[in-house]
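Engineer: The structure's right below; bear with me while I get my questions together.
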Amino acid sequence: MKKVDHIGIAVVSLQESLVLYTEQLGMIHMKTEMVASQGVTVAFLDAGNIKLELLEPTGPDSPVSKFIEKRGQGIHHIAYKVEDIEERIAEIKDKGIQMINDVPKPGAGGASVAFMHPKSTGGVLMELCEKKEEIL
């Protein structure tokens, strides 16, 4: 793993949350996009030394919607930048970590992503994130 790529934060409303992050905390809202494969609309924020992704569920069946129901709004996942995501998935599985995604899925910003199961990672949802080119 190369570095932390971003931190995902589950929110009920992007519109309301963006007020806090941009107007009150002074972060830069870079763009917003819908990621159908994950059931979320994502607002990308530049927080200086790291990117934040605010994740608003697109419907009640979204994994983020279920997360908010169980735990409320807050930190959803930590994403690690990787190269050759398929190889990283195989290595992680060989080391005994359970994956939610055995094959990468399309993620925000054109990335390929795969999640590790929190039961294998001390209760923290972790994401592998491979970007073909740095878009954000």
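Engineer: Are any residues in the stretch 9-45 loosely packed, with under 12 Cβ neighbours inside 10 Å, assigned to a helix (DSSP H, G or I) and in contact (Cβ under 8 Å) with a residue 12 or more places away in the chain, and if so, which ones?
Structural biologist: Within the stretch 9-45, Ala36, Ser37 qualify.
Engineer: Are any of the residues in the stretch 64-71 outside any helix (DSSP H, G or I) and touching a residue at least 12 places away in the same chain (Cβ under 8 Å)? Before you say what the answer is, go through the steps one by one.
Structural biologist: Of the residues in the stretch 64-71, the ones outside any helix (DSSP H, G or I) are none.
Within the stretch 64-71, not a single residue is outside any helix (DSSP H, G or I) and touching a residue at least 12 places away in the same chain (Cβ under 8 Å).
Engineer: Which numbered condition trips up Gly109, out of (1) buried (at least 18 other Cβ atoms within 10 Å of the Cβ); (2) modelled with pLDDT of 95 or more; (3) within 22 Å of Lys131 (Cα to Cα)?
Structural biologist: All conditions are met except number (2).
Engineer: Which residues, counting only those in the stretch 83-100, are in a loop (DSSP other than H, G, I, E, B) and either under 20 Å from Ile9 (Cα atoms) or touching a His at 6+ places or on another chain (Cβ under 8 Å) (or both)? Walk me through how you get there before you give the answer.
Structural biologist: Taking the stretch 83-100 and keeping what is in a loop (DSSP other than H, G, I, E, B), we get 83-84, 95-98, 100.
Passing the criteria: Ile97, Gln98, Ile100.
Quick grid of which residues meet (1) closer than 17 Å to Glu127 by Cα; (2) modelled with pLDDT under 95:
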| position | (1), (2) |
| --- | --- |
| Ala47 | no, yes |
| Glu53 | yes, no |
| Pro63 | yes, yes |
| Ile75 | yes, no |
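Engineer: What's the total number of residues in the stretch 26-40 that are among the small types (Gly, Ala, Ser) and more than 19 Å from Pro104 (Cβ to Cβ)?
Structural biologist: Within the stretch 26-40, the first condition is being among the small types (Gly, Ala, Ser), and the residues that meet it are 26, 36-37, 39.
Now restrict to residues that are more than 19 Å from Pro104 (Cβ to Cβ): 26.
Going through the stretch 26-40 one residue at a time, the tally reaches 1.
The values are calculated or read from the model by the stated rules, or taken from the named source; none is laboratory data. None of these values were measured; they are calculated from a predicted model. Cβ sites come from the backbone with ideal geometry, for glycine too, and all protein chains shown count toward neighbours.
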